[in-house]
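**Student:** Below: one structure in C-alpha coordinates.
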Amino acid sequence: MKKDNIVLIGMPGAGKSTIGVILAKVVGYQFIDADLLIQEKEGRLLHEIISSDGLERFIQIENEANQSIQTKHTVIATGGSVIYGEEAMKHLKSIGTVIYLKISYKEISKRLGNIMQRGVVLKEGQDLAGLYEERCPMYELYADIVIDCENMDIESTMETIVERVHTIIE
(Lines give C-alpha, C1' and ligand atoms only; values in the text may rest on other atoms or scores of the structure.)
Protein backbone atom coordinates (compact mmCIF):
# COMPACT_ATOMS: atom_id res chain seq x y z
CA MET A 1 0.00 0.00 0.00
CA LYS A 2 1.31 3.43 -0.95
CA LYS A 3 2.11 5.85 1.89
CA ASP A 4 -0.53 8.37 0.81
CA ASN A 5 -2.22 8.95 4.16
CA ILE A 6 -1.45 11.56 6.81
CA VAL A 7 -1.33 10.17 10.36
CA LEU A 8 -1.53 12.64 13.26
CA ILE A 9 -0.05 11.68 16.63
CA GLY A 10 0.44 13.65 19.84
CA MET A 11 -0.82 14.25 23.33
CA PRO A 12 -4.53 14.43 24.13
CA GLY A 13 -5.57 18.04 23.56
CA ALA A 14 -2.90 18.68 20.90
CA GLY A 15 -5.60 19.19 18.27
CA LYS A 16 -5.29 15.98 16.23
CA SER A 17 -9.03 15.58 15.58
CA THR A 18 -9.78 19.28 15.10
CA ILE A 19 -6.85 19.87 12.75
CA GLY A 20 -7.43 16.51 11.05
CA VAL A 21 -10.99 17.32 9.95
CA ILE A 22 -10.01 20.71 8.51
CA LEU A 23 -6.83 19.33 6.92
CA ALA A 24 -8.82 16.58 5.19
CA LYS A 25 -11.16 19.17 3.69
CA VAL A 26 -8.29 21.38 2.53
CA VAL A 27 -6.34 18.58 0.81
CA GLY A 28 -9.40 16.66 -0.42
CA TYR A 29 -8.81 13.57 1.74
CA GLN A 30 -11.15 11.43 3.81
CA PHE A 31 -10.94 11.67 7.61
CA ILE A 32 -10.80 8.93 10.24
CA ASP A 33 -10.79 9.53 13.98
CA ALA A 34 -9.31 6.35 15.47
CA ASP A 35 -10.89 7.03 18.89
CA LEU A 36 -14.35 7.12 17.28
CA LEU A 37 -13.53 3.92 15.40
CA ILE A 38 -12.76 2.21 18.71
CA GLN A 39 -15.94 3.52 20.35
CA GLU A 40 -18.06 2.37 17.41
CA LYS A 41 -16.44 -1.07 17.35
CA GLU A 42 -16.75 -1.52 21.12
CA GLY A 43 -20.13 0.18 21.58
CA ARG A 44 -18.72 2.11 24.55
CA LEU A 45 -16.96 5.39 25.27
CA LEU A 46 -13.17 5.28 25.73
CA HIS A 47 -13.31 6.00 29.46
CA GLU A 48 -15.90 3.22 29.87
CA ILE A 49 -13.60 0.72 28.15
CA ILE A 50 -10.70 1.78 30.38
CA SER A 51 -12.71 1.65 33.61
CA SER A 52 -14.35 -1.72 32.88
CA ASP A 53 -11.59 -3.56 30.99
CA GLY A 54 -8.45 -1.88 32.32
CA LEU A 55 -5.58 -0.05 30.67
CA GLU A 56 -3.81 -3.06 29.20
CA ARG A 57 -6.95 -4.30 27.46
CA PHE A 58 -7.73 -0.81 26.17
CA ILE A 59 -4.24 -0.52 24.68
CA GLN A 60 -4.75 -3.94 23.06
CA ILE A 61 -8.11 -2.84 21.60
CA GLU A 62 -6.57 0.41 20.36
CA ASN A 63 -3.61 -1.45 18.84
CA GLU A 64 -5.95 -3.83 16.97
CA ALA A 65 -8.22 -1.02 15.75
CA ASN A 66 -5.31 1.01 14.37
CA GLN A 67 -3.74 -2.04 12.73
CA SER A 68 -7.01 -2.71 10.91
CA ILE A 69 -7.12 0.70 9.19
CA GLN A 70 -6.85 0.11 5.43
CA THR A 71 -7.36 3.35 3.57
CA LYS A 72 -5.98 5.72 0.94
CA HIS A 73 -5.93 9.51 0.74
CA THR A 74 -7.05 9.85 4.35
CA VAL A 75 -6.10 11.98 7.34
CA ILE A 76 -6.03 9.69 10.39
CA ALA A 77 -6.26 11.27 13.85
CA THR A 78 -5.03 8.73 16.37
CA GLY A 79 -5.62 8.53 20.09
CA GLY A 80 -2.81 9.86 22.27
CA SER A 81 -1.94 6.36 23.49
CA VAL A 82 -1.53 4.83 20.00
CA ILE A 83 2.24 4.90 20.51
CA TYR A 84 1.95 2.09 23.08
CA GLY A 85 0.95 -0.27 20.25
CA GLU A 86 4.12 -1.16 18.37
CA GLU A 87 2.24 -3.14 15.70
CA ALA A 88 -0.22 -0.30 15.14
CA MET A 89 2.58 2.24 14.76
CA LYS A 90 4.47 0.02 12.29
CA HIS A 91 1.28 -0.34 10.26
CA LEU A 92 0.45 3.39 10.35
CA LYS A 93 4.00 4.28 9.29
CA SER A 94 3.72 1.82 6.40
CA ILE A 95 0.52 3.44 5.06
CA GLY A 96 1.19 7.10 5.80
CA THR A 97 3.37 9.98 6.85
CA VAL A 98 3.29 10.23 10.65
CA ILE A 99 3.12 13.80 11.93
CA TYR A 100 3.66 14.60 15.60
CA LEU A 101 1.74 17.68 16.73
CA LYS A 102 4.11 18.83 19.46
CA ILE A 103 2.81 21.10 22.18
CA SER A 104 4.16 22.17 25.57
CA TYR A 105 3.07 20.63 28.84
CA LYS A 106 1.82 24.03 29.99
CA GLU A 107 -0.49 24.32 26.96
CA ILE A 108 -1.71 20.69 27.22
CA SER A 109 -2.59 21.11 30.90
CA LYS A 110 -4.48 24.32 30.03
CA ARG A 111 -6.47 22.62 27.24
CA LEU A 112 -7.43 19.45 29.07
CA GLY A 113 -10.32 19.56 31.50
CA ASN A 114 -11.26 16.29 33.14
CA ILE A 115 -8.78 13.94 31.52
CA MET A 116 -10.59 10.88 32.87
CA GLN A 117 -13.71 11.78 30.83
CA ARG A 118 -11.57 11.96 27.68
CA GLY A 119 -10.42 8.36 28.04
CA VAL A 120 -6.79 9.26 28.68
CA VAL A 121 -4.59 6.27 29.46
CA LEU A 122 -3.03 7.03 32.86
CA LYS A 123 -1.22 4.34 34.81
CA GLU A 124 -1.85 3.94 38.53
CA GLY A 125 -0.38 6.94 40.36
CA GLN A 126 0.54 8.75 37.13
CA ASP A 127 -0.38 12.38 36.58
CA LEU A 128 -0.48 14.44 33.41
CA ALA A 129 3.12 15.64 33.83
CA GLY A 130 4.37 12.06 34.14
CA LEU A 131 2.33 11.03 31.12
CA TYR A 132 3.73 13.94 29.09
CA GLU A 133 7.33 13.05 30.01
CA GLU A 134 6.74 9.39 29.16
CA ARG A 135 5.05 9.94 25.81
CA CYS A 136 6.94 12.82 24.18
CA PRO A 137 10.08 10.78 23.38
CA MET A 138 7.86 8.04 21.92
CA TYR A 139 6.05 10.51 19.66
CA GLU A 140 9.44 11.84 18.48
CA LEU A 141 10.61 8.29 17.79
CA TYR A 142 7.68 7.39 15.53
CA ALA A 143 7.28 10.77 13.79
CA ASP A 144 8.31 11.32 10.20
CA ILE A 145 7.63 15.03 10.70
CA VAL A 146 7.44 17.05 13.93
CA ILE A 147 5.32 20.20 13.89
CA ASP A 148 5.88 22.50 16.86
CA CYS A 149 2.35 23.84 17.40
CA GLU A 150 3.26 26.16 20.25
CA ASN A 151 1.82 29.64 19.69
CA MET A 152 0.17 28.50 16.45
CA ASP A 153 -3.55 28.58 15.79
CA ILE A 154 -5.38 25.84 13.90
CA GLU A 155 -5.01 27.64 10.56
CA SER A 156 -1.24 28.12 10.80
CA THR A 157 -0.72 24.58 12.09
CA MET A 158 -2.67 23.24 9.14
CA GLU A 159 -0.74 25.42 6.65
CA THR A 160 2.55 24.17 8.11
CA ILE A 161 1.41 20.55 7.71
CA VAL A 162 0.35 21.15 4.09
CA GLU A 163 3.74 22.75 3.32
CA ARG A 164 5.59 19.79 4.85
CA VAL A 165 3.55 17.05 3.15
CA HIS A 166 2.91 18.67 -0.25
CA THR A 167 4.79 15.90 -2.05
CA ILE A 168 2.38 13.16 -0.95
CA ILE A 169 -0.80 15.12 -1.60
CA GLU A 170 0.00 16.03 -5.19
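**Student:** May I ask you to derive the relative contact order of the chain, considering only C-alpha pairs under 8 Å and at least 6 residues apart, and to give it as an integer percent?
**Tutor:** 35 percent
**Student:** Oh, and also: Per DSSP H run of n ≥ 4, the term is -39500 (n - 2.57); total these for the chain, divide by its residue number, and report the mean residue ellipticity at 222 nm rounded to 500 deg cm²/dmol.
**Tutor:** -15000 deg cm²/dmol
**Student:** Please list 3J(HN,Hα) in residue order for region 127-132, calculated via the Karplus relation 6.51 cos²θ - 1.76 cosθ + 1.60 where θ = phi - 60°; whole Hz, with x for glycine and proline.
**Tutor:** For region 127-132, the Karplus-derived couplings read 10, 4, 4, x, 5, 4 Hz, x marking Gly and Pro.
**Student:** Farthest toward the dipole's positive end in region 20-170, which of 100, 27, 142, given Cβ charges of +1 (Lys, Arg) and -1 (Asp, Glu) about the Cα centre?
**Tutor:** So the residue furthest toward the plus end is 27.
**Student:** Could you rank 25, 93 by how accessible they are, 1.4 Å probe, largest area first?
**Tutor:** From most exposed to least exposed: 25, 93.
**Student:** On to the next question. In whole percent, and with a 1.4 Å probe on the protein chains, what portion of the accessible area of region 29-170 is carbon and sulfur?
**Tutor:** It is 48 percent, rounded to a whole number.
**Student:** For the chain, report the translational diffusion coefficient in µm²/s to the nearest whole number, using Stokes-Einstein at 10 °C, 1.306 mPa s, and a Kirkwood Rh over Cα pairs.
**Tutor:** 99 µm²/s
**Student:** Given Cβ point charges of +1 (Lys, Arg) and -1 (Asp, Glu) and nothing else, what value in debye, to the nearest 20, does the dipole of the chain about its Cα centre take?
**Tutor:** Magnitude of the dipole: close to 220 debye.
The values are calculated or read from the model by the stated rules, or taken from the named source; none is laboratory data. Computed from a predicted structure; not experimentally measured. Because the Cβ atoms are built from the backbone with ideal geometry, glycine has one as well, and the counts that use them run over all protein chains shown. To get the accessible areas, we keep the full protein, side chains included, count just its heavy atoms, and leave off ligands, DNA and RNA. Shrake-Rupley method; radii C 1.70, N 1.55, O 1.52, S 1.80 Å.
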